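What follows is one structure encoded as structure tokens, with my remarks underneath.
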Amino acid sequence: MMRSRRLAWGLALLAVAALFGICAGCLWAWQEQLWAAGEVVYFIVSCTTLVFWGLLLSGLSAAAGLVCLIRPMLMRITRKPARVFVRILVYLCVGSAFLMWLYFWLVSGAISIAATYHKVTAETGESVVVAKPGFDPASFDVYAPTSAVVFERIKGINGVAESGRFVPENCTLARQDADLILSCANDVTILPNTAN
């Protein structure tokens with residue numbers, strides 16, 4: 001009874017790990033394609049943050065599932081030399097998979113820390129995503145919506161804050177005639193109208 005419950009938990013956790021891993025991988029691939037075209041994916045948070053958390057949950061679920069499965073399965077091998085050989089092979093496979101997961105998790109984490117995204121909505125309904133890419137305190141990008149979750153970079157605006165330090169968390173968006181005015185602390189940027 002205990003073994004079958006442990007087996008069921010292990011398989012369920014590996015299935016959860018695969019689901020989160022596949023979803024994070026698909027989001028990563030979609031994001032890579034859009035980045036090349038100057039676009040980003042933004043749901044309630046940026047796509048990179050979702051990839052980071054998806055990979056984290058996938059890795060934790062996979063580790064828990066493997067803890068439930070590996071030892072009982074290896075103990076079923078009766079011959080000690082065969083058991084040692086299979087154990088080495090299993091640990092090598094798990095170690096290489098862990099290194100690949102760690103690489104993608106660290107890269108997605110570094111990207112989500114380096115670049116911050118904030119959605120700003122005007123009272124008239126227009127919205128933009130303000131991005132602070134990388135570690136330059138003065139640089140920023142503004143993205144206009146092309147669909148519900150895809151935003152395209154607005155070209156032709158000065159992407160450097162005049163104050164020398166861009167703060168995307170405190171931005172407001174207001175409509176003035178045909179233009180949109182993006183105010184972030186002391187920095188004011190005039191945008192073309194980007195109605196949803």
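The values are calculated or read from the model by the stated rules, or taken from the named source; none is laboratory data. Quick caveat, the model's predicted, so the values are computed rather than measured. Quick reminder, even Gly has a Cβ in these numbers, built from the backbone with ideal geometry, and neighbours come from all protein chains shown. Each accessible area value is taken on the protein alone, full model and side chains, heavy atoms only, with ligands, DNA and RNA left out. Shrake-Rupley method; radii C 1.70, N 1.55, O 1.52, S 1.80 Å.
Within region 34-56, what residues put their amide N at less than 15 Å from the label point 7 Å along the Cα-to-Cβ vector of V150?
34-43, 47
Can you return the lysines within cross-link range of K132? Criterion is Cα-Cα under 19 Å, with same-chain partners fewer than 8 residues away left out.
List returned: K119, K155.
Give the accessible surface of region 110-196 per residue, rounded to a whole number of Å², with probe radius 1.4 Å and ligands, DNA and RNA excluded.
Working: 4640 Å² over 87 residues.
About 53 Å² of surface per residue is accessible.
On the accessible surface of the chain, probed at 1.4 Å, how many percent belong to carbon and sulfur atoms?
Result for the chain: 67 percent of the exposed heavy-atom area is carbon or sulfur.
With each pseudo-label sitting 7 Å past Cα toward Cβ, what's the I22-R5 distance in nm, one decimal?
With each label point 7 Å from Cα toward Cβ, the separation is 2.9 nm.
Given Cα positions, please report Rg to Rh for the chain, the hydrodynamic radius being the Kirkwood one.
1.19
Would you mind getting the accessible area per residue of region 1-88, heavy atoms of the protein chains only, 1.4 Å probe, in Å²? Working shown, then result.
Working: 5690 Å² over 88 residues.
Per-residue value: 65 Å².
Can you give me the orientation-averaged projected area of the convex hull built on the Cα atoms of region 89-196, in nm²?
Projected over every direction and averaged, the Cα hull of region 89-196 covers 8.6 nm².
Please list K119, K80 in order of solvent-accessible area, largest first, computed with a 1.4 Å probe with all protein chains present.
Result, largest first: K80, K119.
Which order do R6, R83, R76, R165 take when ranked by solvent-accessible area (1.4 Å probe, heavy atoms of all protein chains), largest first?
R76, R165, R6, R83
In region 141-174, which residues have a backbone nitrogen under 11 Å from the label point lying 7 Å from E123's Cα in the Cα-to-Cβ direction?
The answer is 174.
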